[in-house]
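Taking it in order: structure first as structure tokens, then the write-up.
The values are calculated or read from the model by the stated rules, or taken from the named source; none is laboratory data. Bear in mind that the values here come from a model prediction, so they are computed numbers and not experimental data. Cβ sites come from the backbone with ideal geometry, for glycine too, and all protein chains shown count toward neighbours. Protein only, heavy atoms only, side chains kept; ligands, DNA and RNA dropped before computing areas. Shrake-Rupley method; radii C 1.70, N 1.55, O 1.52, S 1.80 Å.
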Amino acid sequence: MGTNPFDDDKLHDECGVFGIYGTAEAAPHAALGLHALQHRGQEAAGIVTFGGGQFHAHRDLGHVGDIFSSERVIGQLAGGAAIGHVRYSTTGETVLRNVQPLFADLDFGGFALAHNGNLTNAMARRRDLVGRGALFQSTTDTEVIVHLVATSRAGSPVDRLIHALRQTEGAYSLVGLTDSCVIGVRDPLGVRPLVLGQLGESHIVTSETCALDIIGATFLRDVEPGEMVVLDASGVHSLRPFPPAQRRFCIFEHIYFARPDSIMEGSSVYESRKRIGAELSRENHIAADLVIPVPDSGVPAAIGYAQESGIPFELGIIRNHYVGRTFIEPGQQIRNLGVKLKHNANRAMLKGKRVVMVDDSIVRGTTSIKIVEMVRAAGVVEVHMRIAAPPTSHSCFYGIDTPQRGELLAARMDVEAMASHIGVDSLAFISLDGLYRAMGEPGRNDLAPQYCDACFTGDYPTRLSDREDNDLPAQLTLLAELA
Ligand code: SF4
């Protein structure tokens with residue numbers, strides 16, 4: 001479980017990455033960029049820089065603002081190039097040796113790497129490498145890539161990274177650092193996001209555009225699926241080292257993971273969420289007095305629902321943003337109070353009302369049950385829950401922390417049973433085709449799906465080699481460590 005025990009009924013993006021080349025203040029820019037990406041990983045962060053002929057690194061557990069708050073720490077990270085990483089982890093393996101960027105002294109010099117995503121053949125590759133004598137320092141799949149670079153016989157560091165990645169399957173948006181460049185690369189399906197920006201003479205690769213905004217950089221474009229960009233003293237170089245493939249961007253980034261002020265695939269995430277809410281209203285209209293969001297992530301979809309349905313939007317639930325990390329290991333009694341620490345019913349608004357309550361998704365359903373109890377206790381007479389995603393019925397193996405499939409409510413029950421389990425008068429989810437329509441598509445193309453939607457469909461866009469391995473029990477143990 002994550003260290004914020006009151007967020008444990010949400011899916012979590014596991015990482016965010018940031019890389020910058022060509023500024024005198026690479027480390028402070030990286031720290032600010034990571035601060036903007038904090039929602040993608042709140043358990044650890046790190047920055048590696050290159051300057052004065054040396055690499056410099058600082059990594060720690062905790063929030064970016066705490067880790068990189070002192071001038072002494074930032075001052076030690078000299079240089080004109082930096083990469084950084086924020087991490088979320090659920091397996092109890094939030095230990096310093098797993099905190100990225102990873103760094104290794106290789107035969108060509110220093111090499112640092114930070115990863116958002118998850119390899120689906122990491123265990124097989126790791127087993128090969130260990131068989132050839134590799135000594136692993138961490139349990140991350142990122143280290144598999146570092147070892148593949150170390151053992152590659154290709155020419156330049158860039159060629160060696162390409163050679164390494166050709167041996168992998170799965171999802172990755174990576175930033176790498178050598179003594180002469182920053183590298184950004186996105187897997188051939190483009191499952192996780194990566195964007196390119198510019199600040200004066202310097203260039204940036206990072207997970208989301210909100211990390212460009214915070215440093216005043218201009219958004220240039222998405223790094224394309226299967227593209228590698230090399231940022232060095234002569235500018236930006238684009239390489240296409242992988243065979244073209246059907247793009248399968250994670251549709252859940254639009255629903256929940258990305259910050260609403262980011263631009264993804266040319267669209268404002270906030271606008272996409274409003275369109276999802278409007279589509280949800282068209283598909284699942286019900287008579288009610290108010291539309292209320294489950295804050296914060298349900299807000300844009302609830303606005304879209306309210307605008308489309310004509311039902312007034314109100315903040316019927318207030319979120320306390322100051323639920324900190326005080327209760328790192330709460331007992332059950334305190335855990336049961338958790339939802340009230342984070343959310344409270346706005347009684348004056350709710351009493352005697354029929355409400356449409358909009359949330360982004362249902363994972364285990366545990367938080368939904370408590371929120372419904374809370375609004376009923378505040379005097380609501382009808383609760384109609386509307387969900388801005390299809391039922392989440394499968395686990396993600398591409399860098400999102402999801403419970404085992406058996407723990408997902410939608411894998412265990414149909415919609416009617418879920419409604420009764422959660423205690424609502426009605427429950428409805430946006431349809432898969434409705435979600436695609438909200439993304440500007442005519443619907444899902446089942447022959448060539450336009451997005452990764454595997455957590456709704458089970459249609460995984462890559463092989464899941466580690467899971468297909470016959471040595472399943474041992475594999476699953478390691479998979480848990482690598483997640
Ligand atoms: Fe995104 Fe779901 Fe695909 Fe994971 S399985 S990459 S969360 S759409």
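Below is a table of values for the structure above.
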{"read-out": "Test result for residue 96, farther than 22 Å from residue 21 by Cα, surrounded by fewer than 23 Cβ atoms within 10 Å (Cβ to Cβ) and at pLDDT 95 or above", "value": "no"}
{"read-out": "Check on residue 224, acidic (Asp, Glu) and crowded, with 20+ Cβ neighbours inside 10 Å", "value": "no"}
{"read-out": "Some residue of the stretch 313-322 being assigned to a helix (DSSP H, G or I) and touching a residue at least 24 places away in the same chain (Cβ under 8 Å)", "value": "no"}
{"read-out": "Residue among 383, 415 that alone is within 23 Å of residue 295 (Cβ to Cβ) and either more than 12 Å from the ligand (Cβ to nearest atom) or open to solvent by 10 Å² or more (accessible area, probe 1.4 Å) (or both)", "value": "383"}
{"read-out": "Test set (1) charged (D, E, K, R); (2) modelled with pLDDT of 95 or more; (3) assigned by TED's automatic domain parsing to the domain that holds residue 290 - residue 401 fails condition number", "value": "(2)"}
{"read-out": "Within the stretch 393-406, considering residues that are in contact (Cβ under 8 Å) with a residue 40 or more places away in the chain and more than 8 Å from the ligand (Cβ to nearest atom), the one surrounded by the most Cβ atoms within 10 Å (Cβ to Cβ)", "value": "401"}
{"read-out": "Strands (runs of 3 or more DSSP E) lying entirely in the stretch 70-181 (those with 3 or more residues that are under 23 Å from residue 238 (Cβ atoms) and in contact (Cβ under 8 Å) with a residue 24 or more places away in the chain)", "value": "81-87, 109-119, 170-177"}
{"read-out": "From 240, 160, residue being modelled with pLDDT of 95 or more, away from the ligand (no atom under 16 Å from the Cβ), within 23 Å of residue 449 (Cβ to Cβ) and more than 19 Å from the chain's Cα centre (by Cα)", "value": "240"}
{"read-out": "Residue 276 vs. criteria closer than 19 Å to residue 349 by Cβ and open to solvent by less than 40 Å² (accessible area, probe 1.4 Å)", "value": "no"}
{"read-out": "Check on residue 303, over 21 Å from the mean Cα position of the chain (by Cα), away from the ligand (no atom under 16 Å from the Cβ), open to solvent by less than 10 Å² (accessible area, probe 1.4 Å) and under 23 Å from residue 343 (Cβ atoms)", "value": "no"}
{"read-out": "Test: residue in the stretch 423-432 that is within 16 Å of the ligand (Cβ to nearest atom) and crowded, with 22+ Cβ neighbours inside 10 Å", "value": "yes"}
{"read-out": "So residue 247, is it open to solvent by 60 Å² or more (accessible area, probe 1.4 Å), within 16 Å of the ligand (Cβ to nearest atom) and at pLDDT 95 or above", "value": "yes"}
{"read-out": "Selection within the stretch 253-266 - surrounded by 21 or more Cβ atoms within 10 Å (Cβ to Cβ) and out of contact with any helix residue (DSSP H, G or I) (no Cβ under 8 Å at 6 or more places or on another chain)", "value": "256"}
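Conditions (1) closer than 19 Å to residue 114 by Cβ; (2) touching a strand residue (DSSP E or B) at 6+ places or on another chain (Cβ under 7 Å); (3) open to solvent by 10 Å² or more (accessible area, probe 1.4 Å), marked per residue:
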residue	(1), (2), (3)
201	no, no, yes
212	yes, yes, no
216	no, yes, yes
234	no, no, yes
251	no, yes, no
268	no, no, yes
